[in-house]
Ligand code: ADP
Ligand code: ASP
Ligand code: MG
């Protein structure tokens, strides 16, 4: 099985979402794919803003409307490209998620507190929506896709917003997916569950880590992180125009770079991948 992870940058709009699904479909012709997706670009930051607005006891109605309208617009645009898309089903799913968002924000506003257990559920909504959009896009492309709930696989300890995954749980929970099952196994990134059953997150940018955990669990032959740069550079290429692309690096070097702030990889991503020596590529969806 090969893992392909697509971040928000690869899921910026309808065109890129369909392009991403086509890339995955193409790969699924030759091997089974473990697919991990983040929220659509900017959505998690937006959910953070919603929570903070509610905490400041300001009106969140307009922001919730923007969350809904942004997703409705992209769903409509995808449907224009893929007439087979279950647009009504996706709109129903979105309404249900928006109702949850409204209800939780109302509670946060009234109580003027937002415990981590509520923050985790609020911030996970971006992935909860994007994973269902991706599932339907793949189905509309005629793909054999199974969507799994990451909180049945990624069990964490400690903080609910930046949990520590229990690696031994990954071995047992992913075992069934190793040999057989759907051609494409789709999982939302970022989300797990703690041992008491509360939803937990893997920290901001945590979908890279989710991909690494899936790669570890299924003992993947390859792990690809698809994003908006060609690989790891000597510095952030957005800030340092003459940064050099580093063609190849050891797990240790990658770990060091991400710990010192190379946002292209979540800092904890490399450890599980290194344990099984899984080759890992950073690839550019735009290139
Ligand atoms: P995604 O949404 O795909 O997860 P991110 O924005 O989290 O994308 O990560 C990709 C970004 O990481 C790039 O656009 C780039 O600006 C930034 N980045 C920071 N440091 C580095 C680095 N050393 N090499 C490559 N990209 C880097
Ligand atoms: N959507 C989450 C975030 O923005 C996880 C990720 O993008 O990797 O932090
Ligand atoms: Mg990222």
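Some observations on this one:
- Scan of the stretch 1-22 for residues that are closer than 26 Å to residue 176 by Cβ and over 16 Å from the mean Cα position of the chain (by Cα), ordered by number: 1, 2
- Scanning the stretch 143-159 for residues that are more than 22 Å from residue 40 (Cα to Cα) and in contact with a helix residue (DSSP H, G or I) (Cβ under 8 Å, 6 or more places away or on another chain) yields 144, 152, 153, 155, 159.
- Residue in the stretch 1-17 that is nearest to ligand 3 (Cβ to nearest atom), counting only those that are within 26 Å of residue 218 (Cα to Cα) and out of contact with any strand residue (DSSP E or B) (no Cβ under 7 Å at 6 or more places or on another chain): 8
- Subset tally (residues that are within 10 Å of ligand 2 (Cβ to nearest atom) and not in a strand (DSSP E or B)) for the stretch 1-27: 4
- Residues of the stretch 255-287 classified as within 11 Å of ligand 1 (Cβ to nearest atom), within 17 Å of residue 223 (Cα to Cα) and touching a residue at least 24 places away in the same chain (Cβ under 8 Å), total: 8
- Restricting the stretch 59-82 to residues that are part of a loop (DSSP other than H, G, I, E, B) and in contact (Cβ under 8 Å) with a residue 40 or more places away in the chain leaves a set whose member that is nearest to ligand 1 (Cβ to nearest atom) is 82.
- Of all residues assigned to the stretch 238-254, at least one qualifies as being assigned to a helix (DSSP H, G or I) and either buried (at least 21 other Cβ atoms within 10 Å of the Cβ) or in contact with a strand residue (DSSP E or B) (Cβ under 9 Å, 6 or more places away or on another chain) (or both).
- If you go through the stretch 28-42 and keep only what is buried (at least 21 other Cβ atoms within 10 Å of the Cβ) and either in contact with a strand residue (DSSP E or B) (Cβ under 8 Å, 6 or more places away or on another chain) or part of a helix (DSSP H, G or I) (or both), you end up with 28, 32, 33, 34, 35, 36, 37, 38.
Read-outs throughout are calculated quantities, based only on the coordinates presented, and are distinct from any laboratory measurement. If you're wondering where the values come from, they're calculated on a predicted model, not measured in any experiment. Note: ideal-geometry Cβ built from the backbone for every residue, glycine included; neighbour counts use all protein chains shown.
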